[in-house]
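The values are calculated or read from the model by the stated rules, or taken from the named source; none is laboratory data. This one's a predicted model, so the numbers in the text were calculated from it and none came from an experiment. All Cβ positions, glycine included, derive from the backbone under ideal geometry; neighbour counts span all protein chains shown.
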Amino acid sequence: MRKLLTILFLFIFSITYSQSGVGYLNYTVYNIISNGAGQYAYNSAGFVNMFDVTKGASVYTSGTAAVNSAMLDFNGRWITGLPYNGSYTGIKITGWFVPKETGTYQFFINGDDAVDFSLDGVVITSFYGPHGFGANVVGSVSLVAGKSYAFMARYQNWGGGWGMDLEWKRPSQYNWAIQPDECYSTSPSTPTKKGIANFNFNTTITPTTFSVGSALSSAGSVDITTLLDSNKISSGTKGTIVGGGVEWSYVDLGATSTLHIDMRKFDNTTPSSVSQIKLLDVYEGNVTYISNDGTWANYSVPSSLIKVTDGTSTNNQYIRNGGGYYAFACEVTFASVMAYKPQSITLTTTNTLSTLYNSIVTVSDVYLAFKELANGGIFGNQSGNEFGYGIQFKNADVNDDGYFNEKDCFALLQNLTGVKTLVDTFNLNKTMRIIPQTKYDSIGKSNWNTFTTPLGSSYSFDINTGKSNDTLNLAVSWKGDVNLSHSTTPKSNNLTTMSVRGVMSVSNEINASIMTEVIGDSIYAYITLDPLGQNLMGAQFQLKYDNSVLKYNRVKFITKGSPTNWGVDNDGFVGLGSLITGSSSLLDNTTQYIISFTSNKKLDNILGLISIGFTDAVNQSGTSLKVIVK
């Protein structure tokens, strides 16, 4: 049999035990010659029998038996000193597997000779019997993120070549890998730090199509406890000043006080590393390093230190009024401050984003943007601004230059008419913003351009809150969503005095009808409008068609005045419509769109080949209208 490089698990360094914690697993090496000679592990029960010390198997311990110098390969290098008896040797590896994701995991195993892998006592994948390395044998299992599963991998060597390879893929991954951050030598304790993220979507968004590790609930919530990094790191130094000794410290009082500490008390501590101070019983919290002059290290304290002067300190005997300053008879010690690392979560979606975005930025958004730009109204008979919330300006500023102007309006119009999309690639990082709800509600019409939250699908946060369970309340908005049809509606406050334009109600409707006919090799679809008394300024349709049978030709527009008309083929649907932005005409019941196709085969009828998808319309007041298609 061939001698191949063994790829196993990272960071395993002992015989019958390993280092503890994440990234480590336990293993035991067996001499199975007494009960393993002449037999192989042909199934799981064979392994149980083979490792049974009551039937002749024995466990190797360090320094016993003659062993080869070249041992199993862990972490890409040969480790010497691992008891190994060549032929008739077995290894059992145990621990805990804690998945990072919820969903279907895939594991493959390979080996020389018999190998298997199980979770909670259920064999997931195996390659039993005598053999060299062959095809990777794959098994699948559904796992829940954060749950602990008992891990066991077993291996037998009969003779000759030897080794085992076990790798896996998380639900979101395409490549096989050994991922030690999901392996533990002991069952992880229940996290002491927990977290919940609540995403506040508009009611037109389906939260369950979005995920952070696992799918959001129908209310937009997800438990992020297993995604938190609960390992604390040094985040600076804390100085503790207690009463006693001589005067090693003093303060200059003010709204922001200045603390001075004698440089001789620092020993090996760097003064600039001190970020927190506990000063007797009068202050405990953050400080800012200012400088040191070789004699005193100086810090800014964000407090007037009232207890120093009002007599309420229990350490008054250690405080001396020096006339213009207060000195402390004290001892000073320093210790490293441990804190949680900065955290981050990322939102993903199962939506086809180009399709979703097509319903987010519509004719209603473009019309409302142009109307806001005109301030006094497109027809000069309106008063006041059209946007009710500051976030509307942020969403309408599609070039993100801090100004909402004609450049943004025409970029929105180009996106609508298919001339140029707002983004070069449809992904969440280029279309969405995640903003803390409290910050979102404070974005006003006069300060919106001071908020610099960039587009992106990730949100960074701090869990050094002193709480055992942190809750993140997050608002979501979309680039170009001017009428907030899909973005979080801000809380009404003194920053926002108008209701959001574009909210639909049952009474805000228009009718449309579609008819089709076949004339020779040509197919025609006719869409006509009935505004039902609405002052109709824009209408938008998505006409779906079977592109395996039909080929799009053109759209003919029958409209009054000089609206912007568009018809864009997207190889499967035609986006078409009209928008009036600068005249007194309206879209009336004479408006008609004639869409023509050719067929690549003779058709008796076109049933199922053409249908209406997404629709939108907007009236003169900027209200989004429901389109009833007949």
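Laid out as a table, the results:
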{"read-out": "So Gly244, is it surrounded by fewer than 17 Cβ atoms within 10 Å (Cβ to Cβ), small (Gly, Ala, Ser) and assigned by TED's automatic domain parsing to the domain that holds Ala329", "value": "yes"}
{"read-out": "Answer residue from the range 135-169, given it is over 20 Å from Asn49 (Cα atoms) and among the polar types (S, T, N, Q) and is surrounded by the fewest Cβ atoms within 10 Å (Cβ to Cβ) among those", "value": "Ser142"}
{"read-out": "Enumeration of residues in the range 431-453 that are part of a helix (DSSP H, G or I), of a type in the set (Ser, Thr, Tyr) and in contact (Cβ under 8 Å) with a residue 12 or more places away in the chain", "value": "Thr431, Thr438, Tyr440"}
{"read-out": "Qualifying positions in the range 465-494 - part of a strand (DSSP E or B) and either β-branched (Val, Ile, Thr) or more than 25 Å from Asp223 (Cβ to Cβ) (or both)", "value": "Thr471, Val476, Trp478, Asn493"}
{"read-out": "Output for the range 239-267, where each listed residue is modelled with pLDDT under 90 and within 46 Å of the chain's Cα centre (by Cα)", "value": "Gly254, Ala255, Asp267"}
{"read-out": "In the range 521-548, residue nearest to the chain's Cα centre (by Cα) [restricted to those that are within 18 Å of Thr598 (Cα to Cα) and polar (S, T, N, Q)]", "value": "Asn547"}
{"read-out": "Sole residue being under 25 Å from Met338 (Cβ atoms), touching a strand residue (DSSP E or B) at 6+ places or on another chain (Cβ under 6 Å) and among the small types (Gly, Ala, Ser), chosen from Ser230, Ser234, Ser211, Ser221", "value": "Ser234"}
{"read-out": "Filter pass, Pro188 being modelled with pLDDT under 95, surrounded by 14 or more Cβ atoms within 10 Å (Cβ to Cβ) and in contact with a Ser or Thr (Cβ under 7 Å, 6 or more places away or on another chain)", "value": "yes"}
{"read-out": "Segments classed as strands (runs of 3 or more DSSP E), wholly inside the range 586-630, with at least 2 members that are under 37 Å from the mean Cα position of the chain (by Cα)", "value": "610-619, 624-629"}
{"read-out": "Filter result for Ala335 (out of contact with any Asp or Glu (no Cβ under 8 Å at 6 or more places or on another chain) and either under 25 Å from Thr269 (Cα atoms) or among the charged types (D, E, K, R) (or both))", "value": "yes"}
{"read-out": "Lone qualifier among Leu368, Leu373, Leu412 - being over 27 Å from Ile345 (Cβ atoms), in a helix (DSSP H, G or I), at pLDDT below 90 and hydrophobic (A, V, I, L, M, F, W, C)", "value": "Leu373"}
{"read-out": "Residue that is surrounded by the fewest Cβ atoms within 10 Å (Cβ to Cβ), among those in the range 203-241 that are assigned to a loop (DSSP other than H, G, I, E, B) and touching a helix residue (DSSP H, G or I) at 6+ places or on another chain (Cβ under 9 Å)", "value": "Ser218"}
{"read-out": "Filter result (crowded, with 20+ Cβ neighbours inside 10 Å and touching an Asp or Glu at 6+ places or on another chain (Cβ under 8 Å)) within the range 99-134", "value": "Pro99, Phe107, Ile109, Asn110, Gly111, Thr125, Ser126, Phe127, Tyr128, Phe133"}
{"read-out": "Residues satisfying the stated conditions in the range 300-317, i.e. assigned to a helix (DSSP H, G or I) and of a type in the set (D, E, K, R)", "value": "Lys307"}
{"read-out": "Residue match in the range 268-278 (condition: more than 30 Å from Phe573 (Cα to Cα), assigned to a loop (DSSP other than H, G, I, E, B), more than 42 Å from the chain's Cα centre (by Cα) and modelled with pLDDT under 95)", "value": "no"}
{"read-out": "Yes/no for Lys601 being over 27 Å from Phe370 (Cβ atoms), exposed (fewer than 14 other Cβ atoms within 10 Å of the Cβ), touching a residue at least 24 places away in the same chain (Cβ under 8 Å) and among the basic types (Lys, Arg)", "value": "yes"}
